[in-house]
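The structure appears right after this line, and notes come after that.
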Amino acid sequence: MSSSTRVLSVLLLSPQLRIRFLLVVIMFAACVPFVVGASQPYSVTPDEAIAINRAVRAFMQTVSHSVTRDGPVAWIKYFDASPAFFMAVNGQMAFPNAAAAQDGTRKFAQTIRHIELKWGDDLRVDPLTNEFAIVAVSFLEIQVDTAGHSITETGYFTGLAEYREGHWQFRNAHWSAPVSSR
C-alpha cells in the first residue's frame, strides 16, 4: 500500500478527520471557479458586444414588425425549432418544447384576426457570447379576435436570443403581465 493510500485511509477512518478533510475539499472546490472566472468577466470583446447589441435590437424590431404584419403564426420562425426551446407565461410553463410551441401558436393564431406587438423603449440586450444574448423589454400587445373583440395587454418579455445558422432566434422566452389588484 502506498503512503498516500495509507494517509487517505486513516483520514477516512476517523470521523473528525473525515469531516475536516471534506470541508477542505469543498472549500477548495468552491474557490476554484471564482479564481478562474475572475480573470475574464466577459466572453465577448467590447466591439463584439456593440455589434451583438445592434444585431439583437434589429432582430427584436423584425420580430415585432413580422408579428404585427403576419399575425401570431410569425412567431414560429423566430423560435428555436429544437427540443431545447421552452416558453413560460406568468411563471407557468406554457410550452415545454418547440413542437408544443408551434402547435399552440398555430391554434392561437386561428382565434386572432389581427395582432399588434410593440416593444417598449426600454429594450435591454446583454451579450453573453457571440452566439447568445439575453433580451428584456416591456411590451404592449393589441389583439383583435375573430369576433372583433379587442384586448390590450402590457407586460414584460425576457428571452435568450441565440445566433445559429445565420440568424437570431429565441432559445427560450418568458412573458409576464402585471397581476391585477382586487
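The values are calculated or read from the model by the stated rules, or taken from the named source; none is laboratory data. Computed from a prediction, not measured in an experiment: that's the story for all the values here. Ideal geometry is used to build each Cβ from the backbone, glycine not excepted, and the neighbour counts take in all protein chains shown.
What to note about this one:
- Candidates 171, 113 - the one that is in the same structural domain as residue 65 (by TED's automatic domain parsing), under 19 Å from the mean Cα position of the chain (by Cα) and in a strand (DSSP E or B): 171
- Residue 30 being at pLDDT below 95, in a helix (DSSP H, G or I) and farther than 20 Å from residue 145 by Cα: yes
- Qualifying residue in the stretch 75-86 (condition: outside any loop (DSSP other than H, G, I, E, B) and over 20 Å from residue 165 (Cβ atoms)): no
- Test set (1) more than 18 Å from residue 66 (Cα to Cα); (2) in contact with a Gly (Cβ under 7 Å, 6 or more places away or on another chain); (3) at pLDDT 95 or above - residue 178 fails condition number: (3)
- Matching residues, the stretch 112-136, being under 15 Å from residue 54 (Cα atoms), in contact (Cβ under 8 Å) with a residue 40 or more places away in the chain and in contact with a Leu (Cβ under 9 Å, 6 or more places away or on another chain): 128, 133, 135
- Scan of the stretch 90-101 for residues that are exposed (fewer than 14 other Cβ atoms within 10 Å of the Cβ) and either outside any helix (DSSP H, G or I) or touching a residue at least 24 places away in the same chain (Cβ under 8 Å) (or both), ordered by number: 90, 91, 92, 93, 96
- Only one of 95, 139, 157 that is in the same structural domain as residue 52 (by TED's automatic domain parsing), within 30 Å of residue 46 (Cβ to Cβ) and in contact with a Gly (Cβ under 7 Å, 6 or more places away or on another chain): 139
- Test for residue 158: is it in contact (Cβ under 8 Å) with a residue 12 or more places away in the chain, within 28 Å of residue 83 (Cβ to Cβ) and not in a strand (DSSP E or B): no
- Pairs linking a residue in the stretch 37-66 that is surrounded by 17 or more Cβ atoms within 10 Å (Cβ to Cβ) to a residue that is among the basic types (Lys, Arg) and at pLDDT 95 or above, with Cβ atoms under 8 Å and 6 or more positions apart or on different chains, are 64/118.
- The residues on offer are 151, 134, 142, and the sole one that is assigned to a strand (DSSP E or B) and exposed (fewer than 13 other Cβ atoms within 10 Å of the Cβ) is 151.
- Residue count for the stretch 102-131, restricted to those that are under 18 Å from residue 158 (Cα atoms), surrounded by fewer than 18 Cβ atoms within 10 Å (Cβ to Cβ) and of a type in the set (Val, Ile, Thr): 1
- Within the stretch 165-182, the set of residues being surrounded by 13 or more Cβ atoms within 10 Å (Cβ to Cβ) and more than 14 Å from residue 87 (Cα to Cα) comprises 168, 177.
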